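*Asks:* Structure below; questions to follow.
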Amino acid sequence: MGFVTDRDAPGVSDTSTPTSSSDFVDSSDQSDDAGKTSTANDVYLEHAVPRNGSWVGAVFNVMCISIGTGTMNLPSVVRRCGWFGIILFVLMAVVGWYVGVLFKRSMYSRPGRRISSFSLVVREAFGPAGYWFATAITYLYCCGTVVSWIIISGTQITRLLGFAHAHLNEKASMAIIAIAMWVPFTLLKTLGEITISSVFGVLTAMFTVVVLGVTSLQHKYTDTYHSPDFDSGPTHTFIIGSGIPSALASISFMYAGAVVFPHIEANMKRPKQFGWMLSLSNTLVCGAYILSSVTGYAAFGNQTVSPILNNLPNLAIVNAATILIIVHVVFAAPVMLVSANLELELALGIMPQIIGKRKEFMWRVVMRTITMGILLGVSIAIPYFGQVIDLVSAISTTVVFFLVPVFCYVKLFGWRKIQKYELALCFILAGVGAVACVWGLIDAIKSLRTAIQNGHG
């Protein structure tokens, strides 16, 4: 599968993109908020300049936040909507690329300056109310994602130790993972500092995807090996209409990188490469998703559970892959959490230009420690991996993926200046996103309530 670049997209041109960071001023100038304008400009000059990252590093950053624990939920997503889910993966990869290009255009929608973050783009379009909404939805999306990572890692550590006849409860396991995430999250300020961890995270995730796919096919249902909950072989369905909206919400979770795109693009030495960099990233991510989903659903069908690890036997290679996915989330968490906290720290004025480097470091440590503590608390209180992903997907990622990029693009450029067919496409995406959000939220709440009542996911 291949995508065109942002030059070829309808209404999208590279002519507004700078060749270097000096071509544009980082700001979010608004006449009613001049004080915050200077603050936003200063902090993102601090975080984003100089541009010294390559497109390769950007690909690894995008893939690191996309490929990981979510792939273990995808076979159950296909179970929910049938084989049609594979088509949805491809469609959402294209949509994810398209909305990413639209959002990049929105970042350069004001002549002579670059709007530097997800929240600031929304503020440029919808004012202070939009800014605080975007800051909240960014924080919810990033933190909700990390909560799902803490849950899956903690539960799998306990599971692995159980195979070795050692006991460590899930709460303690989650605490260990949270501490391991906290160290790089607190010490590393920007995405430019964590590319190496992204590379390692992607390599471990890809290895895990391959191992789980091969193992699923080798250990599908047989008379001698099968889940104790089933006494007959799995069944497969091409399409389950009622499951499509909630499946869309879950799939958008895997591609909803708009909140971190400004930070990734800000670190690129050649920002004109962003469009095809994202195209390549989504192609690779989609390939990993299809491999994980096809093998898992083919092997277990309607018996597929989330995470797919719970369908597999206790094998050394599976346990090795599980350990690697745990290592992956420790490396991937800073990519997600740094993006969220840069937005929050900007909003609260926690910047060296305002309070000095020493105080900025102190407050950064305090805020990020509090953030990690809250995430750990939520993980312990609601330790249901699949249900948490579905809930976060419905509440935040459908908004981040479908709604915000489209509405910002239309608002900043004006609907009269956008070609009619592209405007129609934008509002179709917004309509699909709204349905996926509402329907997905209803299904996620029902599923989470059932999990809590039954005491397991």
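Throughout, read-outs are computed from the coordinates displayed, never taken from laboratory work. This one's a predicted model, so the numbers in the text were calculated from it and none came from an experiment. No Cβ is skipped: glycine too gets one built from the backbone with ideal geometry, and neighbour counts run over all protein chains shown.
*Asks:* In whole Hz, what ³J(HN,Hα) sequence does the range 167-172 give by Karplus (6.51, -1.76, 1.60; θ = phi - 60°), x for Gly and Pro?
*Replies:* Those phi angles translate into 10, 9, 5, 4, 4, 5 Hz.
*Asks:* Using the Karplus curve 6.51 cos²θ - 1.76 cosθ + 1.60 with θ = phi - 60°, work out ³J(HN,Hα) for each residue of the range 409-421 in order, rounded to whole Hz, and write x for Gly and Pro.
*Replies:* Values, residue by residue: 4, 5, 5, 6, 9, x, 5, 6, 8, 9, 4, 4, 5 Hz.
*Asks:* State whether the range 315-432 is rounded, prolate or oblate according to the following rule on the C-alpha gyration tensor (a ≥ b ≥ c being the square roots of its eigenvalues): a/c under 1.5 gives rounded; otherwise a/b larger than b/c gives prolate, and the remaining case gives oblate.
*Replies:* oblate
*Asks:* Roughly how many whole Å is it from the C-alpha centroid of the range 317-337 to that of the range 378-415?
*Replies:* After rounding, the separation between the Cα centres reads 23 Å.
*Asks:* Next question. Can you bin the range 91-150 into rounded, prolate or oblate? Criterion: square roots of the alpha carbon gyration tensor eigenvalues sorted a ≥ b ≥ c, rounded for a/c under 1.5, prolate for a/b above b/c, oblate for the rest.
*Replies:* Judged from the Cα gyration tensor, the range 91-150 comes out oblate (a/c at least 1.5, b/c at or above a/b).
*Asks:* While we're on this one: With a Förster radius of 60 Å, plug the Cβ-Cβ distance of SER242 and GLN419 into 1/(1 + (r/R0)^6) and report the FRET value to the nearest 0.05.
*Replies:* Given R0 = 60 Å and the Cβ-Cβ separation, E is 0.95.
*Asks:* I've got another one for you. Quote the charge dipole size of the range 76-188 about the Cα centre in Debye, to the nearest 20; the model charges only the Cβ of Lys and Arg (+1) and of Asp and Glu (-1).
*Replies:* 340 debye
*Asks:* Can you tell me which of 153-162, 310-319 comes out highest on packing, and rank the rest after it, using the mean Cβ neighbours within 10 Å?
*Replies:* In decreasing order of mean packing, 153-162, 310-319 become 153-162, 310-319.
*Asks:* Taking 7 Å along the Cα-to-C-beta vector as the label spot, tell me the ILE370-ALA172 distance in nanometres, rounded to one decimal.
*Replies:* 3.0 nm
*Asks:* So, one more: When a/c reaches 1.5 or more, the comparison of a/b and b/c decides; with that in mind, is the range 365-457 rounded, prolate or oblate per its Cα gyration tensor?
*Replies:* oblate
*Asks:* Run through the range 225-323 and list the chymotrypsin sites (Phe, Trp or Tyr not before Pro) located in a DSSP loop whose Cβ has at most 12 other Cβ atoms within 10 Å.
*Replies:* Loop-located and lightly packed - TYR225, PHE238.
*Asks:* Non-local amide H neighbours of LEU315 (under 5 Å, H modeled in plane, Pro and chain starts lacking H): which ones?
*Replies:* Close amide H contacts, sequence-distant or interchain: none at all.
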